[in-house]
1. Which helices (runs of 4 or more DSSP H) sit wholly inside segment 1-118 and have at least 2 residues that are hydroxyl-bearing (Ser, Thr, Tyr)?
2. Of the residues that make up segment 652-664, is at least one in a strand (DSSP E or B), under 25 Å from ASN426 (Cα atoms), at pLDDT below 85 and not assigned by TED's automatic domain parsing to the domain that holds CYS421?
3. Report, by residue number, each residue of segment 216-228 that is in contact with a Lys or Arg (Cβ under 9 Å, 6 or more places away or on another chain), at negative phi and in a loop (DSSP other than H, G, I, E, B).
4. Exactly one condition in (1) assigned by TED's automatic domain parsing to the domain that holds GLN321; (2) more than 14 Å from the ligand (Cβ to nearest atom) is false for GLU188; which is it?
5. Got at least one residue in segment 263-275 being surrounded by fewer than 24 Cβ atoms within 10 Å (Cβ to Cβ), more than 22 Å from LEU317 (Cβ to Cβ) and within 16 Å of the ligand (Cβ to nearest atom)?
6. State yes or no: is THR181 more than 14 Å from the ligand (Cβ to nearest atom) and either closer than 29 Å to PHE100 by Cβ or of a type in the set (S, T, N, Q) (or both)?
7. Working only within segment 235-253, note down all residues that are of a type in the set (D, E, K, R) and within 16 Å of LEU399 (Cβ to Cβ).
8. When you check ASP440 against the structure, is it surrounded by fewer than 20 Cβ atoms within 10 Å (Cβ to Cβ) and under 19 Å from the mean Cα position of the chain (by Cα), yes or no?
Amino acid sequence: MTSQNNNIIPIKKVLIANRGEIACRIIRTLSKLDIDSVALYSDADKTAQHVKLADEAVYIGASPAAESYLCADKIIDAAKRTGANAIHPGYGFLSENSGFAKTCEDNNIIFIGPPTSAIDAMGSKAAAKDIMEKADVPLVPGYHEKDQSDERLLAEATKIGYPVLLKAALGGGGKGMRLVTSADEFQENLDSCKREAIASFGDDFMLIEKYITEPRHVEIQVFCDQLGNGVYLFERDCSIQRRHQKVIEEAPAPGLSDELRKRMGDTAVKAAKSINYVGAGTFEFLMDKDGSFYFMEMNTRLQVEHPVTEKITGQDLVEWQIRAAEGHPLPCTQEDLSFNGHAIEVRVYAETPENEFLPSTGKIQYLRTPEENKHVRIDSGVTQGDEVSVYYDPMIAKLIVWDKTRSGAIHRMDKALKEFCVNGVNTNIEFLSNINSNDDFVNAKLSTHFIEHHNDSLLALKKDIDNKHYIYAALYQHMLESNNKNNSDPSLDQQSPWASVNGWSLNTTPSRVFRFNHDLVNNSEGDSQTAEKNIAVTLTFESNTIVASCRGSSIQCEAYLKDDELTVITGHAQRMYVSQFDEKITLFIDGKAYHLSAYSAEFSAEGDDDNGQLTAPMNGRIVDVFVSAGESVEPDQPLAILEAMKMEHTIRAPSGGVISEVFYAPGDLIDDGAPLLAFEAPNEKGE
Ligand code: MV4
C-alpha cells in the first residue's frame, strides 16, 4: 500500500446489532480473528443460534423489531455495558440508518460501516443520481430535477419517450414505482404514485426514467479503506427476483466480458471514492441486452448475497469490514484480486409457494442439510427444533454452491437442494429446484422478469403421489413401531392412531392395515389441505418379505429403517429420508416432500369452510379493500391487500358469494386469525 494509517484503533469486542443467519455469519469471523462477540436478543430469540454462538448476549426487549433490534438507545447501552468498542449492524434493521451510525460515533463506538455522510448521500435516489452524474456513472435517460410541477413532469416524460417509470426518490423494494405507457395515463399514475410515496416515505419527490424492458440486475461489490484506496470484488447477477425480493444470486455474472467487467468495476470504485466511501458497498446496475449499464442505487451495507463473492474471490468480506473499520489499509490492490469458478446462492425460505408465498411460521420439526465442503456452504441462523416466528424475516438458510464452471455449480445446487429437507414449516425448496433446472436459467437467459415469465412451470410442484408413497409410509410406520416395541411398551400397537392390527397370531399370516391422507402442505401450525383421503395400505408379513398392497397394486419388498433413513428394496433399493411428528409422516425423495397423515374418522368430517368469516392469514396492515357489504364476488376475486413483513399479500374469495360485512379499512392493523370480512357462499343445493 502506498500510505500508512497511524491512526489504527484495534477492535477488541464487537456487538452485533442483528439476529439470525447474518449475526451467526459475523460471529464466525469474529471467532476466527479472536475478537469477542456480543449478541442481542428479544423475547422470541432467547434460545436462538446467534445467542448460543456469541461470547455474551444482552436482552433488549420484546419480540417486535421496533421494541428490540431497532432500538438504537438500548443497543448503544448494551455496547457500553459490555465494553464493546464496535458495532456491526449486519443488513436490514439499523444498517443503513445514518442517525444510528452517528449515535455510535457520539458514544465513541466504531460503527462497522461507511461514514454517515455516505449513507445520507445515497439515501435519496435523486441526490444519489446527482452525485453519480458528476462521477461519470451512466444513468438511465431521465429526469431528477427540483421542478416537481405536474406540467414539468409530464413534459419531461414526453421528452424521454414512453414507456417511462415513475420512481419515488425515497422509494425502495418496488414501492413508490409506476410504469406509464402513454401520455394519457401519466397524470393518474403520477397522482397515485405520489400518494403511495407520501404514505410510505413521507415525501413525494419523483424521478422519471426511460423504462428498460427486460433488464438484468448486475451489482458491483466495492471496498474502500480510510486512506482513500478502493477496489472492486467483481460482480453478482441478482436478476432472479420475485416481487423485488432476490431469490437466486450468482457470481460472476454470466456472459459479462472482461472489458465490461473492468469498465463497471472502475466506474463503481470511482463513484465510491467520490463520496469518500469506507467499507463494503454495492452499486446496483440495470443492464440492458446490448450490455449498456445504468446506475440504480448504492447499498451502503454488507449484502445478503455476499457469500457468492467470497466463494469466487476466496476473501472474507466481514474480515475486510473489520480491518477497514480499524483503520487498516486494504489487504491488496486491484491487480492482486482475481476470481475463480462460479458460485450460486439460493435463499431457502419458510413460505408457501402454493399460497402466494405466504410466510410459514412454526416449529422446524425436522431439518436435514447437505454436507458442507468446498463446494457447498450453508449460512443459517436456525437448527432443528427452532421456531420461525411472525416477527422476523422467515429465511431458513442461504445455500451457496461453488464449482469450476456455471454448469458444474448448477449441478451441485441440484444435488444440494435434494439433500435439503425441512418439515414443520413449508418451504420454497422445490420452487428453487425448478428455477435451477429451468432451461432458460441453465442457458443464462436471465432478466428481472424471469420468475414472472416462467411462473406456471416454476409453480408446478409435486402432485405425483403414487401408491408406492403410501406403501413407503406404511412400511416406515410399521418399522418404527416394531423398532420401538423391541425396547419399550408392548401395548404401543393398540394405542397407535396409525394402524389396526389384524393378526400376529401364530397360525394365520399376520397383516396390518394403515390408512392415510395425502396432504399438500404439512406444517406445525396445523395448516393442511387434503388431496386424497383414506387410502388403505395392507402389509402382509411372510417369512422373509413383506407384501404391501395399495389400491390394487402390490409389491414384495424388504424395508430397513436407520434413524430417519428408510430403504425399501423391491427390484432396486429406494432410499429416502422420513420425518414424523404428531400423526404426520413426510417422505423426502429426490428433492420432493410427500406429506401423509393418519386417516381417522374425526379428520374426515366434510366441513364447509366457505361460509362465515374470512380471517387474516398473519399479523399485518390492511393496504386496500376492494369490496364492500352487499357485493357479489367471483371465486378467486381479490378482496383485500394485506401487508406483512414488507410484502403485500392478496386475500381472495375462496369461492363465489356475497360479502355481508367488512370489518377493516385501509391503514388498519389486523391480527393473525382476526375476521377480516364476513362472507356468504351461495347454497349450492339451491334450498
Ligand atoms: C427500473 C426497471 C426498468 N427500467 N428502472 C425495481 C426496484 C428498483 N430498485 C428499481 N427497479 C427497476 N427499475 C428502469 N428505468 C426495472 C426495475 C425492476 C427490477 C430491477 C431490479 C431487479 C428486479 C426488478 C424487478 C422489476 C423491475
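1. 20-32, 98-106
2. Here is the first cut: in segment 652-664, the residues in a strand (DSSP E or B) are 652, 657-662.
Checking which are under 25 Å from ASN426 (Cα atoms) leaves us with 652.
Next cut, at pLDDT below 85 only: 652.
Keeping just the survivors that are not assigned by TED's automatic domain parsing to the domain that holds CYS421 gives 652.
Within segment 652-664, one or more residues are in a strand (DSSP E or B), under 25 Å from ASN426 (Cα atoms), at pLDDT below 85 and not assigned by TED's automatic domain parsing to the domain that holds CYS421.
3. Within segment 216-228, just ASP225 meets the criteria.
4. Unmet for GLU188, out of (1) assigned by TED's automatic domain parsing to the domain that holds GLN321; (2) more than 14 Å from the ligand (Cβ to nearest atom): (1).
5. no
6. no
7. As a first pass, look at segment 235-253 and keep what is of a type in the set (D, E, K, R): 235-237, 242-243, 246, 249-250.
Within segment 235-253, ARG236, LYS246, GLU249, GLU250 qualify.
8. Numbers: surrounded by fewer than 20 Cβ atoms within 10 Å (Cβ to Cβ): yes; under 19 Å from the mean Cα position of the chain (by Cα): no.
No.
The values are calculated or read from the model by the stated rules, or taken from the named source; none is laboratory data. Keep in mind the model is a prediction, meaning the values are calculated, not measured. Here Cβ is always computed from backbone atoms with ideal geometry, including for glycine, and neighbour counts include all displayed protein chains.
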